[in-house]
Every structure is written in C-alpha cells, then in structure tokens.
Amino acid sequence: MKLFKLTTAALMTLCMAGIASAGEYKVTGAHNCCGACSKAITEALTGVEGVTDITAKPKTTEISFTAPDDKTARKAVNKLGFAGFHGKVTGGKNVKYNEKNIGVEAGKVEKLTLVGVHNCCPGCAKSVDAAIAKIEGVESHKYTKTKKGVILSGNFDGLAVVKSLNDAGFHVRAPKPKGEAKQKK
C-alpha cells in the first residue's frame with residue numbers, strides 16, 4: 001500500500017509539473033485588421049506542433065495561444081514573424097521574435113527592399129503606408145508584384161523603417177542574398 005501511495009504521489013507530481021510548464025502566451029500590438037489577417041495568424045500558429053487555444057479576433061491587436069513550453073512558444077512567435085505579424089510577447093521567459101535575422105543595419109540607405117510584409121487587403125496597405133510615412137527621408141515606396149514586399153527609395157535609416165513597421169504590427173526582413181537560399185538545402 002505504501003508503494004501505491006508513493007507511486008500515485010510521484011505520478012501526480014509529474015502531472016502537475018506538466019501542467020505548470022504549459023502556459024498562455026500573448027502577442028499584443030500585432031496588425032490584424034480583417035478576417036484574412038486573423039486567418040493568416042491562425043494558420044501560422046496551427047502549423048506549430050503543441051500550440052493550442054489560438055485566439056486572433058479581427059480588428060484586435062492581441063493574439064493569444066497556449067504552448068507546452070517556452071521552446072514551442074518561441075517557434076510559434078517566429079512563425080508569426082515569418083507570416084508578417086509583430087508585437088510585444090508576454091508569457092514565459094525569453095520568448096521573443098528572432099531579431100538577428102532581419103538583415104537590416106542601422107544607418108542611411110538610398111534603397112531598401114523588405115519582404116515578409118503581411119498585406120492581404122487595403123487596410124493592411126494603409127497601415128504599412130502610414131508606418132512608412134513616419135520615416136524622415138523616404139521619398140517613395142512601392143509594393144512588389146506579390147504585395148508581400150515593399151521597395152523604398154530616398155535617404156533614410158533602414159532600421160528606422162523596420163522599427164516603424166514593427167510598431168505598426170508588421171514583421172519584415174531583408175530578402176536573403178540569392179545564393180544563400182540554395183546553400184541551405
């Protein structure tokens with residue numbers, strides 16, 4: 001009987017530890033102006049094994065989800081970034097966007113191409129345009145044919161553009177050099 005009680009106590013402790021390690025994570029400030037934005041957010045998070053309880057209501061800037069651990073939550077947040085959504089992450093320890101891979105340096109540039117822009121509707125384009133308009137020195141910008149990229153011209157700080165777009169809820173990055181994608185096969 002004593003062995004049964006010890007085994008039961010050990011199992012309950014393991015179960016409680018498993019429950020305690022799962023957590024709710026929130027991303028606030030993300031762009032989410034319509035049903036297509038919400039669908040893209042949900043699809044990005046659904047693609048991460050272990051992520052559940054996804055909430056991304058249109059016309060709100062809060063995304064929430066449950067993940068079994070911080071490692072899974074980091075994968076989820078990076079999937080959101082790859083899908084073009086950015087915000088402030090709460091929940092867990094050191095769960096944040098991978099900023100090392102944006103490929104844009106601080107300093108003045110005359111031309112900059114950014115990719116990964118979530119731009120599914122006129123509301124998205126209006127928000128992107130407004131974020132870019134805040135940057136001194138940007139003389140013009142145009143969207144790429146796929147509308148998932150934007151090309152800027154003028155004399156401006158490239159990192160300031162990235163920060164402004166991040167603040168507007170968009171996660172963007174510089175395109176990879178042409179030879180780099182083929183090397184990673």
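Observations, loosely collected:
- Residue check for Ser127: farther than 28 Å from Asn155 by Cα and either assigned by TED's automatic domain parsing to the domain that holds Asn166 or without any contact (Cβ under 8 Å) to a residue 24 or more places away in the chain (or both): no
- Inter-residue pairs, beta-carbon under 9 Å, first surrounded by 15 or more Cβ atoms within 10 Å (Cβ to Cβ) and in the stretch 139-153, second modelled with pLDDT of 95 or more and of a type in the set (Asp, Glu), 6+ apart: His141/Asp129; Leu152/Glu139; Ser153/Glu110; Ser153/Glu139
- Scanning the stretch 50-82 for residues that are crowded, with 19+ Cβ neighbours inside 10 Å and among the aromatic types (Phe, Trp, Tyr) yields a single hit, Phe65.
- Selection within the stretch 25-49 - without any contact (Cβ under 8 Å) to a residue 40 or more places away in the chain and surrounded by 15 or more Cβ atoms within 10 Å (Cβ to Cβ): Ser38, Thr42, Leu45, Val48
The values are calculated or read from the model by the stated rules, or taken from the named source; none is laboratory data. Being a predicted model, the structure only gives us computed values, none of them experimental. Methodologically, a virtual Cβ is constructed for each residue, glycine included, from the backbone with ideal geometry; neighbour enumeration extends over all protein chains shown.
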